[in-house]
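These notes are about the structure you will find just below.
Please treat every number below as a calculation from the coordinates, not as lab data. This one's a predicted model, so the numbers in the text were calculated from it and none came from an experiment. Using ideal geometry, Cβ is built from the backbone for each residue, glycine included, and neighbour counts are taken over all protein chains shown.
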Amino acid sequence: MDNLNATFPFNRSRRAFLAGSLAVTTIGFSLPGIAATRTVADPFIERLLKRMTIEEKAGQLTMNGAQGIGRLVNPDTGPEPGLQTTLNDIAQGRLTGLFNADDVKLGRAMQKIAVEKSRLGIPLIFAADIIHGLKTAFPVPLGEAASFDADLCARTARATAIEATAFGVQWTFAPAVDIARDQRWGRVVEGAGEDPWLGSRLAEARVRGFQGGDLRADDSLLACPKHFAGYGAVQGGMDYNTADIPETTLREVHLPPFKAAFDAGALSTMASFNDTGGVPSTGNRHLLTGILRGEWGFRGLVVSDFNSEKELIDHGYAADEADAVYKAVMAGCDMSIQGGLYLKHIPALVKSGRLKMAVVDEAVRRVLRVKKALGLFENPYRSLDPARLDTDIRRPDTVALAREAGRKAIVLLKNDRSLLPLPKSGKSIALIGPFVTDKNNALGPWMVFPDMKSAVTLEQGVREALGANANLAVAAGSGVERPLAGGIEAAVAAARGADVVVLYVGEAANMSGEGASRVDITIPKAQVDLIDAVAAVGKPMVILLKHGRALELPNSVRNAQAVVCTWFLGSESGNAIADVLFGDFAPQGRLPVSFPRRAGQQPFYYNHRVTGRPSLTEGPPVGARYREVSTSALYPFGHGLGYSTVTYGATEISQARVPKNGTLSIKARVTNTGTRKHHEVAQLYLRIKVADIVQPLRALKGIRHLELAAGESAEVEFALTARDLAYVHADTVTRTDAGVFEVVIAPDAAAGQPVPFVLTGA
Ligand code: BGC
């Protein structure tokens, strides 16, 4: 196989980067790694740096959490003690900012102290975990990813930025861009799922949405793609666990969404909690300096993850606090959040000569550069205007967008004999399950400042949709994880008296998210008992799943006539589900994670490498497979039905042999064969047939959204060039080889007949 010798900027080798970057960098240091990261000096920042004491420098690298510090201005007693300490620290230049503060007036008062009382007047920066909305909750990121719609993600991120900046937040610790191939990991819910291509497109869209066109604008929210890196690969899906990731897999699977997010302008990132091959990310110089700054030329700042520099001690990577700080700073972790260890130890480390002032200066430069990019020096009160609380929180257009996003996140897995949509009149409906009237689990995990009251429950949404025609029986049936006394009996009675049963079952919000990994990715037993009992009544049954991950589904769910993924849809949850249930909106979401047949298949994902003994998906157990189940997904990545039916014609290619500077056109005809309009998401998959690192069976390379009227047919077309055929080679460089490839345009990752073509060396 010829090597086309086309290396790309993405994942360039370190040597390639250094050679190409000399023209724009100032090599002023002899410290390894630092030289590659120096950029043209900013005179304003250099002047400031010269005037700073080492304590003030350490202060610029230290951020504290605001939760629990107390309240301001009780005219009689003054600030509470914790708050007074914080105010003193600000006045002395010992803090760079705060995170998760919930009082914009207090934030403004703090900023005034920083700007007017501290010696150098350096403004604070206010951060928070605004993951899927602030007071208006959008679907959890995984659910929103099911829209396969980058434009939607950009719009919800923009709306989130408007609310967050009205609330006094200038920097969000989002988006999470971790690729997650193991559904046991609770933080699957925070990202875009299992696929690096989709993850990259949504990562860049979310960054653009958060930051807007001008970082200095009052409603621009600095993005922080996280967690850098490999966090989604924690072993066994157990949160915080070790990750063993070969360099090639790191670069092929886990790093692309970060690169896409930085290319979209993100100026910060967060070091992940996990270690990779024994090196915790917060102390990982290869990641934080070698790849991030050296290869990619990242000009933003790296923040630790909630005390993760201190955790270097717990990992057994640092001897004590000072050692942990030294290792984190040397690795390239510029800012510490929560623990205060940088402030505590950097001055002494520098005075003792162990830590060079030049290294600290470089970290401070990065922080000041980001503050300057946000316009904080010109306007320290940007995004600290309490008047915006009245105008920009829960704006009607934002709430409407939450409903739109909710509808588009819903995935119809199954709809036998077109049970859905349900008619709006003439049928009595039993709404059963622990989530039917529940607001607490509507929004989903990772809402730091939730407005639970505003959540629309399923019952509210259904009543709103049906109006006077509503003929409903409502029964909880069970708790989320515990049975409810008499619950099943009441639910069965409701089912008996109804024409159709809608069961709303699954996970509570606290069953996914940080620290919420699960061994059994199932619906809790109390609810399965409920589903079994209701199914036995024999009425047509719609299962609405609430979940933060792909689940193993029990038989009574698999056998239900209709099964719908509804994730955690946010504030407008009940309305969005009702829109789909009654056909005001036809479902169009697609699975961003593969549904396994059994939990024990994890890690389970469509773009796995091909083994030497490929399994037959059905039939006798042969090859790489388990004894008990087929290796095929119960519902594959990319799957999702609408209320119409579609067929795909054969994939056709423009030529069987493509020169290395040519373009291959790939087409397929998609036809709406049903009687309703249909929204189709056509997907292009690629296989590299021979490579020096075994390649996945299929990898997503493109998507197209199509609106088809009943009976309408359209041709979808994709184009691929040599660049799209590149992969990370054994030497970790991304380049394209001549050789044989396969492509297919399909409705999901398991469908369609791939077509071969050859990329020639000339
Ligand atoms: C999480 C981060 C989060 C941080 C600050 C950590 O526990 O891992 O994702 O940004 O806390 O709240």
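Given a Förster radius of 41 Å and the C-beta distance between Ala348 and Ala109 as r, what FRET efficiency does 1/(1 + (r/R0)^6) yield to the nearest 0.05?
Details: r = 32 Å, r/R0 = 0.77.
Approximately 0.80, to the nearest 0.05.
Give Lys117/Lys372; Lys226/Lys414; Lys135/Lys677; Lys525/Lys677 a once-over and call out the pairs whose C-alpha atoms are over 28 Å from each other.
Values: Lys117/Lys372 19 Å; Lys226/Lys414 34 Å; Lys135/Lys677 34 Å; Lys525/Lys677 39 Å.
Beyond 28 Å: Lys226/Lys414; Lys135/Lys677; Lys525/Lys677.
What is region 646-759's relative contact order, in percent, from Cα pairs under 8 angstrom and six or more apart in sequence? All intermediate terms of the calculation are to be shown ahead of the outcome.
Numbers: 266 pairs, mean separation 38.7, N = 114.
Relative contact order, region 646-759: 34 percent.
May I ask you to derive the relative contact order of the chain, considering only C-alpha pairs under 8 Å and at least 6 residues apart, and to give it as an integer percent? Intermediate results must be reported in sequence, preceding the final value.
Details: 1926 pairs, mean separation 108.7, N = 762.
Normalised by residue count, the contact order of the chain is 14 percent.
Can you pull the semi-axes for region 646-759, root of five times each eigenvalue of the Cα gyration tensor, sorted largest first, whole Å? Let's see the in-between values first.
On the way: eigenvalues 173, 37, 23 Å².
Over the Cα atoms of region 646-759, the semi-axes work out to 29, 14, 11 Å.
If Rh is defined by the Kirkwood formula over all Cα pairs and Rg also comes from Cα, what ratio Rg/Rh do you get for region 95-200? Before the final figure, lay out the partial values.
Working: Rg = 16.7 Å, Rh = 15.3 Å.
Result for region 95-200 is an Rg/Rh of 1.09.
From zero up to wherever the largest Cα-Cα distance of region 410-531 sits, split into 10 Å bins and tell me the percent of pairs in each.
12, 37, 38, 12, 1
Just going by the charge dipole of the chain, with Lys and Arg at +1 and Asp and Glu at -1 on Cβ, which of Ala533, Val474, Asn100 is farthest out on the positive end?
Selected residue: Asn100.
Given +1 on the Cβ of Lys and Arg, -1 on the Cβ of Asp and Glu, and no further charges, what dipole in debye does the chain carry about its Cα centre, rounded to the nearest 20?
Dipole size: approximately 1080 debye.
Once label points are set 7 Å from the Cα along Cα→Cβ at both Asn241 and Asp102, what is their separation, rounded to one decimal in nm?
Distance between the two pseudo-spin positions: 3.3 nm.
Taking only Cα atoms, what is the 0 to 90° angle, nearest 10, from helix 81-91's long axis to the longest principal axis of the chain?
60
Tell me, Leu287, Leu545, Leu48 in order of fewest to most beta-carbon neighbours within 10 Å? All intermediate terms of the calculation are to be shown ahead of the outcome.
Working: Leu287 26, Leu545 23, Leu48 20.
Least crowded to most crowded, the residues run Leu48, Leu545, Leu287.
Using 1/(1 + (r/R0)^6) with R0 = 56 angstrom and r between the beta carbons of Glu55 and Leu472, what's the FRET efficiency to the nearest 0.05? Kindly include the intermediate steps, with their values, before the conclusion.
Numbers: r = 65 Å, r/R0 = 1.15.
Calculated transfer efficiency: 0.30.
I want to make sure I understand the PRE zone here: with the label point 7 angstrom from the Cα of Arg669 toward its beta carbon, which residues in region 697-727 have backbone N atoms less than 16 Å away?
Answer for region 697-727: 709, 711-717.
How do Glu680, Glu572, Glu46 line up, fewest other C-beta atoms within 10 Å first?
Numbers: Glu680 23, Glu572 28, Glu46 12.
In order of increasing Cβ crowding within 10 Å: Glu46, Glu680, Glu572.
Could you give the nm distance between label points at Asp385 and Ala650, where each point is 7 Å from its Cα heading toward the beta carbon?
So the two model labels end up 6.2 nm from each other.
HN-Hα J couplings of region 207-212 from phi, Karplus 6.51/-1.76/1.60, θ = phi - 60°, integer Hz, Gly and Pro as x?
Each residue of region 207-212 in turn: 4, 4, x, 4, 7, x Hz.
Figure the gain on full extension for Val519 and Arg609 (residue separation times 0.36 nm, minus the Cα-Cα span) and round it to one decimal in nm.
30.0 nm
So how do Met110, Met447, Met357 line up by other beta-carbon neighbours within 10 Å, fewest first?
On the way: Met110 26, Met447 23, Met357 13.
In order of increasing Cβ crowding within 10 Å: Met357, Met447, Met110.
Taking a cut-off of 23 Å between Cα atoms, list the lysines near Lys351, but don't count ones fewer than 8 places away on the same chain.
Lys50, Lys57, Lys310, Lys327
Of Pro225, Val359, Pro636, which is farthest along the charge dipole of the chain in the positive direction, counting Lys and Arg as +1 and Asp and Glu as -1 at C-beta?
Final value for the positive-end residue is Val359.
If the only charges are +1 at each Lys and Arg Cβ and -1 at each Asp and Glu Cβ, what is the size of the charge dipole of region 411-601 around the Cα centre, to the nearest 20 debye?
Dipole of region 411-601, to the nearest 20 debye: 400 debye.
Any chance you could give the angle, 0 to 90 degrees and rounded to 10, that helix 150-166 forms with the longest Cα principal axis of the chain?
It works out to around 50 degrees.
Please work out the Cα center distance from region 724-762 to region 182-213, rounded to the nearest Å.
So the two Cα centres are separated by 24 Å.
Kindly write out, for region 578-583 in residue order, the coupling ³J(HN,Hα) from the Karplus curve 6.51 cos²θ - 1.76 cosθ + 1.60 (θ = phi - 60°), rounded to whole Hz, with x marking Gly and Pro.
Result, ordered by residue: 4, 4, 7, 4, 9, x Hz.
With Kirkwood's inverse mean 1/r over C-alpha pairs for Rh, give me the Rg to Rh ratio of the chain, two decimals please.
The Rg/Rh ratio comes out at 0.98.
Using 1/(1 + (r/R0)^6) with R0 = 56 angstrom and r between the beta carbons of Val448 and Val740, what's the FRET efficiency to the nearest 0.05? Don't skip to the answer; put the middle values down first.
Details: r = 50 Å, r/R0 = 0.90.
So the FRET efficiency works out to roughly 0.65.
Highest first, please rank the peptides 586-597, 434-445, 82-93 by the mean number of other Cβ atoms sitting within 10 Å of their residues. Display every interim value, and only then the final one.
On the way: 586-597: 26.1, 434-445: 23.1, 82-93: 18.0.
By packing density, highest mean first, the sequence is 586-597, 434-445, 82-93.
Out of all Cα-Cα pairs in region 265-410, roughly what percent, to the nearest whole number, are more than 22 Å apart?
Details: 5435 of 10585 pairs.
Of all Cα-Cα pairs in region 265-410, 51 percent lie more than 22 Å apart.
Rounded to the nearest 10 degrees, what's the angle between the helix 487-496 long axis and the longest principal axis of the chain, both from Cα atoms, 0 to 90?
40
Which of Thr85, Val670, Val502 sits closest to the plus end of the dipole of the chain, meaning its Cα is farthest towards the positive end, when Lys and Arg get +1 and Asp and Glu get -1 on the C-beta?
Going by the Cα projections, it comes out as Val670.
Give a residue-ordered list of calculated ³J(HN,Hα) values for region 104-117 (Karplus: 6.51 cos²θ - 1.76 cosθ + 1.60, θ = phi - 60°; whole Hz; x for Gly, Pro).
5, 5, 5, x, 5, 5, 5, 4, 4, 5, 4, 7, 9, 9
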